[in-house]
1. Work out how much length Thr274 to Glu161 would gain on full extension: take 0.36 nm times their residue separation and subtract the Cα-Cα distance, in nm to one decimal.
2. What's the exposure ranking of Thr379, Thr336, Thr147, Thr91, going from fewest to most Cβ atoms within 10 Å?
3. Just round it to a whole percent: the fraction of Cα-Cα distances in segment 299-476 exceeding 24 Å.
4. Please give the residues of segment 224-241, grouped as numeric ranges, whose backbone N is less than 15 Å from a label point set 7 Å along the Cα-to-Cβ vector of Lys213.
5. Measure off 7 Å from each Cα along the Cα-to-Cβ vector at Met1 and Thr260, then give the distance between these two points in nanometres to one decimal.
6. Using the beta-carbon distance between Glu39 and Ala112 and R0 = 22 Å, what value does 1/(1 + (r/R0)^6) give for FRET efficiency, to the nearest 0.05?
7. Please give the FRET efficiency for Thr223 paired with Gln138, using the beta carbon to beta carbon distance and R0 = 22 Å, rounded to the nearest 0.05.
8. If the cut-off is 16 Å between C-alpha atoms, which lysines fall inside it for Lys224, apart from same-chain ones fewer than 8 positions away?
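Each reported figure results from applying straightforward, stated rules to the coordinates on display, with no laboratory input. Given the structure is predicted, the values throughout are model-derived calculations rather than measurements. FYI the Cβ positions are ideal-geometry reconstructions off the backbone, even for glycines, and counts take in every protein chain you see.
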Amino acid sequence: MISLIWFRLDLRLADNPALQAALKRGAVVPIFIHAPEEEAPWSPGGASLWWLHQSLKLLDASLRELGSQLVIRRGPSLETLSALAKETGATAVFWNRRYEPVVTRRDTKIKAALREMGLKVESFNGALLHEPWTIQNQSGKPFQVFTPFWKHCLTKSDPAEPLPRPRKLIAPERWPKSLALEALELEPKIKWAEGMRAEWQPGEMGAAAQLKKFLAAAFSNYTKDRNRPDLTGTSRLSPHLHFGEISPRQIWHAVRRQATANGLSTWRTSQFLTEVGWREFAHHLLHHFPHTPTEPLRADFKKFPWRKDAEFLDVWQKGKTGYPIVDAGMRELWTTGWMHNRVRMLVASFLVKDLLLSWTAGAAWFWDTLVDADLAQNTLGWQWTAGCGADAAPYFRVFNPIGQGEKFDPRGDYVRRWCPELAKLPDEWLHQPWLAPPEILVRAKVQLARTYPEPIVSHVIAREVALAAFAEIKRKT
């Protein structure tokens, strides 16, 4: 019997339950369908499409090593699956579930339609430790605070051991036609990807190598170093997880093995696995509150008096706000398609609380420029910073970009890398160059408003304005 395995955000061969289900039936036809319009308004952004191209190329190479190949088609997805089933004689279709609201609704319709055609159709959990609908509080409702959510998850049984990578795939007698990957035109047309290409190794093997590197070099100091953008203290696994090049189950058991080998009995409650828990929480919230990518979870925030200032937004996007830690983060994002998580919080706070621009504008920019742009996590992160979501930061928390820079980039290595025009400034003035004495600026070859911008706003004044606006929202609730 022949089965179609529909690859989506599960671009790996190991620990792939849909692939294993297809293998049990006989011959397998691996397929990828490009139908971004079916995901609107959250069709993949530019950086995501670049990563997708690399990952699909590597997946096809891995499949060919096993005597198979990836068949690439354009959507619509239902019509394409139906046509491929007829072309190949397939009697079953398997895929791993996605959890974005628009995709979930589409997949439900596709599953019903294919079954009406007489095909066997099954979907599996290949992306999360726990399906969103399986985690409820004592009242039978979804959690809206992370700590009790994750504590509840930790009472569940450990996830099963990851499924093995197949040693061989049985090919059909005749392969259906496939588009060339280049025909999808996923890579950016502008000169943009050089930095991403230098920074990342997409694909399943890249994910495995990155996990191995993190566990060997940074896991033991993760709690201490994870907030330091000047250090390599985080896992950098987020894009690999988003594209399913590695599963959370694989990460869970790799951490267990590493901890056991080093005699660490508290690995389940480690800060790193807690961060994996935040990813779970994000998908839990998106499933239960599907309106949140565009609307605040807290309805009172719908009337918040956000500014509409295209110049402020443009300056923020280009990393020219005059606040070095903010500018460094935005330039890192544009160059590499990624930004350190602590800096993500800082630049987000600056946008919504110093500039009073809507969190939706920031979320849209991140969506287009992040290689790890994930609808659930992007939504949670921005609503957390704006104070309008679940487990949100209190409205009165306004990150000070100067103090945060001095605390988390104490030697200035991060700012100097991404804002090289400030590289010769002494540490004392690096995070607040506008206060440096004129002779210091001259020696450092810094000309404010010429080689580096003056602050777009005064943080002290902006903070008071923001607090007044947020307090008004709180007063009305």
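1. Answer, rounded to one decimal: 38.8 nm.
2. Working: Thr379 25, Thr336 19, Thr147 12, Thr91 15.
With the fewest neighbours first, Thr379, Thr336, Thr147, Thr91 line up as Thr147, Thr91, Thr336, Thr379.
3. Value for segment 299-476 (Cα pairs over 24 Å): 35 percent.
4. 231-241
5. Label-label distance for Met1 and Thr260, simple model: 3.5 nm.
6. Using R0 = 22 Å, I get an efficiency of 0.70.
7. On the way: r = 30 Å, r/R0 = 1.36.
So the FRET efficiency works out to roughly 0.15.
8. Excluding near neighbours in sequence, the set is Lys407.
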